[in-house]
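Remarks on the structure that follows.
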Amino acid sequence: MTTAFETVSSGRTPSPIDPLPHQLLAVLGQHRMATTNQLHELLRPSAARQTISGPLNKLRRDGLVDYTVLPASNRSRAWYLTSEGARLTKDFPALRGRPPYPINSATAASLKTPHTLTVVRTHLAFVTDARRRGDEHGHLDWTPEVSHPLSDGERIITDAVMHYTLIEGEERTKLRAFIEVDRTTMSSERLASKLIEYARLWSYEPQLIGRPRSRQTAAPGAVWLRWYPVFPRVLFVLTGASRYVLGNRINDLQAMVTVHPLVGTLARQVPMGAAVLEDLEQQGPTGNVWTPLAEGDSCPWTQL
């Protein structure tokens, strides 16, 4: 389920055309929150840490960003946009259509910190691997908290949508993935039920209301075709527990593919897999660290 076609490159490293303060605001607008180290790795991995901390402190003095101190972290800071920063960035080209979610206090920030920063960790694993391989996956090719409609007025909110261009010789293959980051804070059954939501999204074809079917010029088609030429892969990234517990959660995801007919149909059409976050960080997402949810041996996410 991959497709190769012409696309505008996002670049392998942040463009030098945009000044660093602009890039910092854009990343925080995109990701909601990130630590100093994460911003350093995303934007200036080869530069000194002060390259990032200086502009961040100036943006704070200007009232555009603020931070919360992470517990038990040697006073590491997690940065976020203030209301004024969110207002300023809402018209950035890269963020148009992205609802602003300014954080109004350090207390509010601390409530969002664990999950948000784990999602950024996951993104960094893909960014680091892409740089090593020479693929295209930049700091804005990862959009957290993307909502899609389901039937009956419900919605599915995925932790992130990833855009990635695989470079193999002269061929450029555009890949997309829905990312679900699991910190073992919900039951295993609830985690596996996310697969039912993705199967519903894959099969959902909205009906035109108030118009006789005979007057409809064409079937509306699956709703996801409004945004994607190919349904994205579905990738689960797990952390926050022992290998034994995480293995059981992956087994439960595989069981859902087996017992639920719509999920089983989705699995025959769309690549789906699960991996442990620490393995992504140590071996890279293109290592043999992904367990297919349908069948097969461990493999890179690009070969699911």
Residues located in segment 250-290, provided they are assigned to a loop (DSSP other than H, G, I, E, B), of a type outside the set (Val, Ile, Thr) and touching a residue at least 40 places away in the same chain (Cβ under 8 Å) = 260, 271, 284, 285
Out of curiosity, is residue 64 surrounded by 14 or more Cβ atoms within 10 Å (Cβ to Cβ), at negative phi and at pLDDT 90 or above?
-> yes
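Taking the condition of being buried (at least 16 other Cβ atoms within 10 Å of the Cβ) and out of contact with any Asp or Glu (no Cβ under 8 Å at 6 or more places or on another chain), how many residues in segment 150-172 meet it?
First, the residues of segment 150-172 that are buried (at least 16 other Cβ atoms within 10 Å of the Cβ): 150, 156, 158-166, 172.
Now drop any that are not out of contact with any Asp or Glu (no Cβ under 8 Å at 6 or more places or on another chain), which leaves 161.
Selection size over segment 150-172: 1.
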State yes or no: is residue 115 surrounded by fewer than 20 Cβ atoms within 10 Å (Cβ to Cβ), modelled with pLDDT of 90 or more, within 27 Å of residue 201 (Cβ to Cβ) and not assigned by TED's automatic domain parsing to the domain that holds residue 227?
-> yes
How about segment 24-60: which of its residues are surrounded by fewer than 16 Cβ atoms within 10 Å (Cβ to Cβ) and among the aliphatic types (A, V, I, L, M)?
-> 47, 48
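Picking from 242, 214, which residue would you name as being out of contact with any helix residue (DSSP H, G or I) (no Cβ under 6 Å at 6 or more places or on another chain), surrounded by fewer than 13 Cβ atoms within 10 Å (Cβ to Cβ) and modelled with pLDDT under 90? Can you show your working first?
Working: 242 fails: modelled with pLDDT under 90.
It is 214.
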Across segment 173-195, the tally of residues that are surrounded by 15 or more Cβ atoms within 10 Å (Cβ to Cβ) and either within 16 Å of residue 130 (Cα to Cα) or not polar (S, T, N, Q) (or both) stands at 15
Residue 141 vs. criteria in contact with a His (Cβ under 9 Å, 6 or more places away or on another chain), among the charged types (D, E, K, R) and buried (at least 19 other Cβ atoms within 10 Å of the Cβ) = yes
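The values are calculated or read from the model by the stated rules, or taken from the named source; none is laboratory data. Values in this document were obtained by computation on a predicted structure and should not be read as measured data. Backbone-built Cβ (ideal geometry, glycine too); neighbour counts: all protein chains shown.
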